[in-house]
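Let me begin by presenting the structure, written as structure tokens, before commenting on it.
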Amino acid sequence: MSEPMTYARYLALDELLSSQKPLSDRHDELLFIVIHQTKELWLKEIIHEVGLAKRLIEEGDLEPAYKALARVSRIQTIMTLSWDVLATMTPADYLSFRETLGTSSGFQSHQFRTLEYLLGLKDDSFLRFHAERPEALAELKGALEAPSLYDVAIAQLPKHGLSVPDTVLKRDVAQAYAPSPEVEAAWLEVYRDTKRYWELYQLAEKLVDLDDALVTWRHKHVLTVERIIGGRPGTGGTDGAGYLAKTLQRRCFPELWSLRTKL
Ligand code: HEM
């Protein structure tokens, strides 16, 4: 006879709660692990929701996609807030166990890169960090080689009578997206006549919510990093806060930002 379902069994609590394995005897290392694992769980959920939103948008079913995208934005808010919990760890607390991390770094989070790829920030130079984890690599490659959330949103523009060149619609989606004046012009029309293009306008603003929240998360990361390790290099091999500050320039949906100057 099968075992009755219990709270612990349903949530695999024994596996979950035995997956925090500090390498030092330092009190704060547990917080450091929990924050990172929580982030990976939230990333898993975000990837799940963005996948749904992409499928819905591809089918032209925009309204249900808004719901998935709104959920993503709210999860991003929680992820950004969690920096304040981590910032209760002082430089002295962190430095007391930092050596045990070796060369590991959030830089190597395949789910973070999967999310970047899903949103449209394609850069295949990150694949090499995952050679030893075939399943993670497959997920990452799948996201690299598939149209991004932005690709499928742009593909909706012609369906509403707006013009987008074939060079954009048939682009090699594994390559970094290059902003296009024609795509900007199409989105501009949407923003200039919101009544007529209400569905696309709402979609565009939901996308901007995601981009905004991602940059806000990145910003709090740099600030927390500066607060905890100052100008030290990162464990993942970059120059640290300097590298992270440059990532603040990344935008997943560039024309949705640039059009605002021309409105
Ligand atoms: C003491 C706390 C932390 C420090 C000092 C820190 C530092 C850094 C540094 C310096 C980098 C650049 C890569 C490198 O050289 O390592 C980095 C990347 C990254 N970290 Fe952190 N980090 C901390 C906590 C976290 C936490 C809690 C998360 C997730 C919740 C996180 C997620 C990431 C991600 C996703 C990247 C890649 C960013 C990108 O390439 O755009 N980090 N971190």
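The values are calculated or read from the model by the stated rules, or taken from the named source; none is laboratory data. Just so it is clear, the model here is predicted, and its values are computed rather than measured. Note: ideal-geometry Cβ built from the backbone for every residue, glycine included; neighbour counts use all protein chains shown.
Descriptive notes on the structure:
- Every condition in (1) in contact (Cβ under 8 Å) with a residue 24 or more places away in the chain; (2) within 16 Å of the ligand (Cβ to nearest atom); (3) surrounded by fewer than 16 Cβ atoms within 10 Å (Cβ to Cβ) holds for Asp211 except the one numbered (3).
- Residues within segment 237-263 that are more than 30 Å from Ile154 (Cβ to Cβ) and either at pLDDT 95 or above or of a type in the set (Phe, Trp, Tyr) (or both), tallied: 5
- Residue in segment 240-248 that is surrounded by 18 or more Cβ atoms within 10 Å (Cβ to Cβ), at positive phi, assigned to a loop (DSSP other than H, G, I, E, B) and within 16 Å of the ligand (Cβ to nearest atom) present: yes
- Top-ranked residue of segment 216-239 - restricted to ones that are over 18 Å from Asp84 (Cβ atoms) and either among the charged types (D, E, K, R) or more than 9 Å from the ligand (Cβ to nearest atom) (or both), ranked as surrounded by the most Cβ atoms within 10 Å (Cβ to Cβ): Arg232
- Selection status of Met79, aliphatic (A, V, I, L, M) and part of a loop (DSSP other than H, G, I, E, B): no
- Top-ranked residue in segment 83-110 [being within 20 Å of Thr238 (Cβ to Cβ) and in a loop (DSSP other than H, G, I, E, B); ranked as farthest from the chain's Cα centre (by Cα)]: Gly102
- Qualifying residues in segment 114-130 (those that are of a type in the set (A, V, I, L, M, F, W, C) and part of a helix (DSSP H, G or I)) - the one surrounded by the fewest Cβ atoms within 10 Å (Cβ to Cβ): Leu127
- Out of Ala131, Ala92, Ala136, Ala155, sole residue that is over 19 Å from Trp217 (Cβ atoms) and at pLDDT below 95: Ala131
- Residues being more than 15 Å from Leu115 (Cα to Cα), in contact (Cβ under 8 Å) with a residue 12 or more places away in the chain and assigned to a helix (DSSP H, G or I) - total across segment 42-70: 8
- Where a residue in segment 126-141 is under 12 Å from Gln111 (Cβ atoms) and its partner, wherever it lies, is polar (S, T, N, Q), with Cβ under 6 Å and at least six apart: Glu139/Thr114; Leu140/Thr114
- Test: residue in segment 16-24 that is surrounded by fewer than 17 Cβ atoms within 10 Å (Cβ to Cβ) and part of a helix (DSSP H, G or I): yes
- For segment 78-113, filtering for residues that are away from the ligand (no atom under 11 Å from the Cβ) and surrounded by 14 or more Cβ atoms within 10 Å (Cβ to Cβ) leaves 1.
- Residue match in segment 171-180 (condition: assigned to a helix (DSSP H, G or I) and surrounded by fewer than 16 Cβ atoms within 10 Å (Cβ to Cβ)): no
- Screening Ser163 on (1) in a loop (DSSP other than H, G, I, E, B); (2) within 20 Å of the chain's Cα centre (by Cα); (3) hydroxyl-bearing (Ser, Thr, Tyr) shows it passes everything except condition (2).
- Of all residues making up segment 166-188, the number that are hydroxyl-bearing (Ser, Thr, Tyr) and under 20 Å from the mean Cα position of the chain (by Cα): 1
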